[in-house]
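Just below is one structure, and these are the notes that go with it.
The values are calculated or read from the model by the stated rules, or taken from the named source; none is laboratory data. Computed from a prediction, not measured in an experiment: that's the story for all the values here. Quick reminder, even Gly has a Cβ in these numbers, built from the backbone with ideal geometry, and neighbours come from all protein chains shown.
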C-alpha cells in the first residue's frame, strides 16, 4: 500500500512550546484522515508542515514519497491547502479568484478558465461567479476557498479546520462538497475540533494532544477502545439533574458526567440490557425527557484516551 | 519500504506568477473606491493646508511657495502610499494569502516581486494625481518638459526603493494595525526634511540631519528639475548634485531593504 503521508518523529518548537513532540503518523493513499485534538495540540503545525510551510526541527516527513525538506517544490505540486481563513480576495470575483489560483498552479489561460468554471459549477457558485467575493456570505467564501485549492487538481488536499465559524447549514454543505471530492479520488487530510466532523468525513481519525499522536484508527475502532456503551438521561427539569446523577452513582457503573445546562446525565456501562433496566429503576419517579443507550461519541473517546476533555467548545457542540 | 514518488506537474514561471499576484494587488486598490477617494481627498486637504495656511507666512527668494512646496508634496506622496503597502502586506500574511502562495508551485520571490510591481504602478498613479492637484493650485514647471518627466521618473524610482522598506515593515509587523502604526514613522521624517520648508530655516543641529537624509535629496532633485535655476540658487547646489545624491540614496535603500525583505520573507 502506497503511503501519502509518512511522518517519523517530527519535532517543532516555537519558543518553549513543543508544537510537535515526536509525532509519528502514516496515511495511506485513498483515505480521508482527520486530525482531532484541542487547540494547541499541534494539528495546524502538522498540516502546515505537510504543506511545506513549517521548518521542522527534527524528524522525517514524506508527502507522496517526497521529503518536505529536500523536495519542497515537488510536494507543492501534489498538495493544495485551504487554511483557517478563507484566503480568497474580496475585491475579485469568484471566477477571478479561481482563475488566479489555477494560473499560479501552472495552468495555462484556457485550462485555468475551464477549470475555474467547472469548480464553480461543482460548488453551486455558478450564479455568483461574477460577483465580487466581498458580497459573499461566510459559507460561500469557504466554499470558494475550498474550490481555489482544487483548481490545481491536487492529489492531497489539506484542510485546516474547514468549517470553523460556519453556521450549521453551511457546514453541512461544505461537508457534502468535501465528500464529493473524496468520491472523485482526492485524498484529504483535515484538522478539526469538531468530533462529529471527523466522524462524518474521515475514514481514519488520528487523535493528537501535546504534539503527539494519542490514538489512531477508524472512528468505530476508536469508539470500541473506550468499551461499552453510554446511557444518557435527559431530565425534564434542571433541579432533577443532580438527583439523577446521585441515583446513577449508586449503581456503580462508571464515572457519571452531568451537564446541568442541557439537563443531561451520562454514564458509561458494560454492554448489557440489564444495566439499562437498573438505571431506569433507579431514576423512577423523576420526570424525564429522554433516555438513550448509545455508542460513545468521539469526545467521550478523547476524554477516555487523554484524561481531559477536548475543549468547552467541543463539548458544547457534541451535546447540542 | 521504498516509496515510488508520485508524478507531478510543473512549476509556474516567475513572470506569470508575478503578474498574477500584481494583478490581484492592483484590483484590490482599484476596486476599493473608498480608498482612492479618501486618499485623494486627504492628499488634497493636506496640500491645501500647506499651500494656503502656511504658505502665506513663508516667502522665499526667487521662487513662489507653491512651486517650492509641490515637489515636496509630490515626492513624499510615495511615502504615504507606502503606509498602505505595509498594511496590505501584513494583511496578506494574516489572512492566509501568503500561506496559499507558499503551498503553490511558484517561485518564492513572486509574492514580493508582484507586490513591488503593483505598488510601484499604484505609486505612479498617485504621483500623477498629486501632480494634477498641484497644477490646480498654481504649481508650474519652469524648466523643460523632459526635465519634468525625468523628475517624475525619479519619483517612481524613489517609491520603488521605499517599497522594500515598507514590505519589510509589513512582514515584521504581525498585524495590519501594527504595520500601519510602524509605517507612520515616515510622517515625522517628511517634516525633518526640505519637503515643506528650506533646511536653512532650521536650527543648526537639525540641519545636519535634515540636509543629508534621503527625503531631502529626493525632494530637492525634483525641485531642481522642475524649477531650474531659481531652485538651484535657493538650494545652493547644482541639479547634478541632487541627482547623484538622490540616486545614491535610492540605490542604498534598495540594497539594504530589498535583501532584508527577501530574507524575512524566506524565514517567516
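Scan the range B:82-90 and give yes if some residue there is touching a strand residue (DSSP E or B) at 6+ places or on another chain (Cβ under 6 Å) and touching a residue at least 24 places away in the same chain (Cβ under 8 Å), otherwise no. Within the range B:82-90 (the criterion being touching a strand residue (DSSP E or B) at 6+ places or on another chain (Cβ under 6 Å) and touching a residue at least 24 places away in the same chain (Cβ under 8 Å)), the answer is no, since none of the residues qualifies. The set of residues from the range A:56-74 being surrounded by 24 or more Cβ atoms within 10 Å (Cβ to Cβ) and facing another protein chain (nearest Cβ under 7 Å) comprises just one member, A:64.
Scanning the range B:28-40 for residues that are surrounded by 13 or more Cβ atoms within 10 Å (Cβ to Cβ), modelled with pLDDT under 90 and away from every other protein chain (no Cβ under 14 Å) turns up at least one hit. Residues that are out of contact with any helix residue (DSSP H, G or I) (no Cβ under 6 Å at 6 or more places or on another chain) and under 24 Å from residue A:171 (Cα atoms) within the range A:72-96 comprise A:79, A:80, A:81, A:84, A:85, A:93, listed in sequence order. Scanning for something within 14 Å of chain A (Cβ to nearest Cβ), more than 21 Å from residue B:199 (Cα to Cα), assigned to a helix (DSSP H, G or I) and touching a residue at least 24 places away in the same chain (Cβ under 8 Å), does the range B:47-69 turn up at least one residue? Looking for residues that are within 14 Å of chain A (Cβ to nearest Cβ), more than 21 Å from residue B:199 (Cα to Cα), assigned to a helix (DSSP H, G or I) and touching a residue at least 24 places away in the same chain (Cβ under 8 Å), one finds none in the range B:47-69, hence no. Screening residue B:116 with (1) within 30 Å of residue A:48 (Cα to Cα); (2) within 14 Å of chain A (Cβ to nearest Cβ); (3) part of a helix (DSSP H, G or I) gives one miss only, at (2). Please verify whether the range A:129-148 includes one or more residues that are within 11 Å of chain B (Cβ to nearest Cβ), under 23 Å from residue B:105 (Cβ atoms) and under 22 Å from the mean Cα position of the chain (by Cα). Among the residues of the range A:129-148, at least one is within 11 Å of chain B (Cβ to nearest Cβ), under 23 Å from residue B:105 (Cβ atoms) and under 22 Å from the mean Cα position of the chain (by Cα), which makes the answer yes.
Of the residues making up the range A:125-156, those that are surrounded by 20 or more Cβ atoms within 10 Å (Cβ to Cβ) and in a helix (DSSP H, G or I) are A:133, A:140, A:141, A:142, A:143, A:144, A:145, A:146, A:147, A:148. Within the range A:107-124, the set of residues being facing chain B (nearest Cβ under 10 Å) and either crowded, with 22+ Cβ neighbours inside 10 Å or assigned to a helix (DSSP H, G or I) (or both) comprises A:107, A:109, A:112. Screening residue B:227 on (1) over 22 Å from residue B:166 (Cα atoms); (2) loosely packed, with under 13 Cβ neighbours inside 10 Å shows it passes everything except condition (2).
Here is a yes/no grid of residues against (1) over 21 Å from residue A:24 (Cα atoms); (2) modelled with pLDDT under 85; (3) touching a strand residue (DSSP E or B) at 6+ places or on another chain (Cβ under 7 Å); (4) buried (at least 17 other Cβ atoms within 10 Å of the Cβ):
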position	(1), (2), (3), (4)
A:196	yes, yes, no, yes
A:231	yes, no, yes, yes
A:245	yes, no, yes, yes
A:252	yes, yes, no, no
A:270	yes, yes, no, no
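Screening B:93, B:104 for residues that are touching a strand residue (DSSP E or B) at 6+ places or on another chain (Cβ under 9 Å), surrounded by 20 or more Cβ atoms within 10 Å (Cβ to Cβ), more than 29 Å from residue B:149 (Cα to Cα) and within 14 Å of another protein chain (Cβ to nearest Cβ) leaves exactly one candidate, B:104. Among the conditions (1) at pLDDT below 85; (2) part of a helix (DSSP H, G or I), the only one that residue B:18 does not satisfy is (1).
I'd like the residue in the range A:75-105 that is closer than 27 Å to residue A:61 by Cβ and surrounded by fewer than 22 Cβ atoms within 10 Å (Cβ to Cβ) and, out of all such residues, is nearest to the other protein chains (Cβ to nearest Cβ). It comes out as A:85.
Can you pull out every residue in the range B:41-51 that is surrounded by 11 or more Cβ atoms within 10 Å (Cβ to Cβ) and over 25 Å from residue A:90 (Cα atoms)? First the steps, then the outcome.
Let us first name the residues in the range B:41-51 that are surrounded by 11 or more Cβ atoms within 10 Å (Cβ to Cβ), namely B:42-44, B:46-51.
If the condition is that a residue be surrounded by 11 or more Cβ atoms within 10 Å (Cβ to Cβ) and over 25 Å from residue A:90 (Cα atoms), then B:43, B:44, B:46, B:47, B:48, B:49, B:50, B:51 are the ones that fit.
Just one of (1) touching a residue at least 40 places away in the same chain (Cβ under 8 Å); (2) buried (at least 19 other Cβ atoms within 10 Å of the Cβ); (3) within 14 Å of chain A (Cβ to nearest Cβ) fails for residue B:77. It is (3). For the range A:280-306, residues that are in contact with a helix residue (DSSP H, G or I) (Cβ under 8 Å, 6 or more places away or on another chain) and farther than 21 Å from residue A:250 by Cα total 10.
Yes or no, residue by residue, for (1) over 20 Å from residue B:64 (Cβ atoms); (2) at pLDDT 95 or above:
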| position | (1), (2) |
| --- | --- |
| B:168 | yes, yes |
| B:186 | yes, no |
| B:191 | yes, no |
| B:197 | no, no |
| B:225 | no, yes |
| B:230 | no, no |
| B:236 | no, no |
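How many residues are closer than 15 Å to residue A:154 by Cα and in contact with a strand residue (DSSP E or B) (Cβ under 7 Å, 6 or more places away or on another chain) if we restrict to the range A:49-78? Within the range A:49-78, residues that are closer than 15 Å to residue A:154 by Cα and in contact with a strand residue (DSSP E or B) (Cβ under 7 Å, 6 or more places away or on another chain) number 7.
Pairs meeting the criteria (first residue in the range A:149-169 and away from chain B (no Cβ under 11 Å), second residue part of a loop (DSSP other than H, G, I, E, B) and modelled with pLDDT under 85, beta carbons under 6 Å, at least 6 apart or on different chains) are A:161/A:84.
Selection of the range A:8-55 for residues being within 14 Å of another protein chain (Cβ to nearest Cβ) and assigned to a strand (DSSP E or B) yields A:8, A:14, A:26, A:27, A:28. When we screen B:126, B:134 for residues that are within 21 Å of residue B:32 (Cα to Cα), in contact (Cβ under 8 Å) with a residue 24 or more places away in the chain and either buried (at least 18 other Cβ atoms within 10 Å of the Cβ) or away from chain A (no Cβ under 14 Å) (or both), the only hit is B:126.
Select from the range A:203-228 the residues that are at pLDDT 85 or above and in contact with a helix residue (DSSP H, G or I) (Cβ under 7 Å, 6 or more places away or on another chain) and write down the one among them that is farthest from residue A:2 (Cα to Cα). Of everything passing the filter in the range A:203-228, A:209 is farthest from residue A:2 (Cα to Cα). Within the range B:1-15, restricting attention to residues that are facing chain A (nearest Cβ under 7 Å) and either closer than 16 Å to residue B:115 by Cα or in contact with a strand residue (DSSP E or B) (Cβ under 9 Å, 6 or more places away or on another chain) (or both), the residue that is modelled with the lowest pLDDT is B:3.
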